[in-house]
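This report concerns only the one structure given below.
What follows draws every value from the coordinates through simple rules; no lab data is involved. From a predicted model like this one, the values you see are computed outputs, not experimental measurements. As a convention, Cβ positions derive from the backbone with ideal geometry for all residues, glycine included, and neighbour counts pool all protein chains shown.
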Ligand SMILES: *[C@@H]1O[C@H](CO)[C@@H](O)[C@H](O)[C@H]1NC(C)=O
């Protein structure tokens, strides 16, 4: 024998290591998508083959009982969500998302109140687990937008710790696989010294977090200048997806638990001069958010700016900063190269024939 046992062992473990490296640098564990129940897309029209995880959004928080509820208008589609998805792609996991950005400060206050006491946290936790099981979801996703003080962050930490203990106990008693637990959390601009998430609690108790690395520069707030709404990198300003990920790593959450947010929409501005149509050129008006599929690029000139990894398009004085297939591909490549857990889209109905969902 030319090789000793030790040599062949070394050879095999080196090969395994190379394989593992290759695998982790080319695959993302999660390709997630939020399905928003108030959008036009029927669950039966979702093509789940582009995703590993689908989030059914949103369940509500009842401020009287502190229980999670599903509104009667959504009861039928939520209760059949998993079955409908799995009839097409049976490996896709589904999570019930609770909360969301639509409720504004009122909803944020309901979460803050619920999380402030052990008894109300227990109502939330027990009802969420019951709803997940009764409706056949594989997991739960907390969308509290946003805990916004030290005290609320501490309570957020207590909530997810008790949530994890409860799903572990439930799994033992039901003999079912433990429910997945994730949360949608602030990206770059939402993390300030006054609003540091409890990174250790997140790392110890959630399977991963969806980092909402979008809405960083929006036309409602910056009406006088065109902007890259969700830049991957930003050499001229503070906020970017990369900066958000770096902050999360700084909070003590490993990259393997971070999913990068991909917005399937952009923001519209009115240009001051139709011949000056670059990022940061003068605008006269901010015209709000527009779905990717509604961005009128018919005859519009589309540009990809690799400095920010943002697309924009313009026609006359109409100007849209948004994510197109090029910027999505750049972000997906970033997520893979940096060993992130993966990426997710908000929200899939805004896509145009799955063009963004299959990019990357
Ligand atoms: C991206 O846009 C900025 C601002 O308009 C500009 O300075 C930069 O040259 C552009 N980058 C590329 C690669 O075109």
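When the scattering of segment 126-176 is computed by the Debye formula from its Cα atoms alone, each counted once and equally, what is log10 I(q)/I(0) at q = 0.31 Å⁻¹? With no solvent term, the Cα-only Debye profile gives -1.24.
Packing around the peptides 211-220, 29-38, taken as the average count of other Cβ atoms within 10 Å per residue, puts them in this order, highest first: 211-220, 29-38.
When restricted to Cα atoms, segment 314-360 yields an Rg and a Dmax of 12.7, 41 Å, respectively. Largest first, the three principal axis extents of the alpha carbons in segment 217-360 are 45, 33, 22 Å in whole numbers. Most tightly packed first, judged by the mean number of other beta-carbon atoms within 10 Å of their residues, the peptides 324-334, 244-254 read 324-334, 244-254.
So, by mean Cβ neighbours within 10 angstrom, what's the order for 109-120, 154-165 with the highest one leading?
Working: 109-120: 16.9, 154-165: 19.3.
Sorting 109-120, 154-165 by mean packing, highest first, produces 154-165, 109-120.
One quarter of the convex hull surface, Cα atoms only: what value does that give for segment 140-259 in nm²? Please report the intermediate quantities before stating the final value.
Working: hull surface 32.1 nm².
If I average the Cα hull's projected area over directions, I get 8.0 nm².
Entry note, the chain: relative contact order of 16 percent, from Cα contacts under 8 Å with a spacing of 6+ residues. On a per residue basis, the convex hull of the C-alpha atoms belonging to the chain measures out at 174 Å³.
Relative to the globular-protein estimate of 2.2 N^0.38 Å, the Cα radius of gyration of segment 245-320 stands at 1.39.
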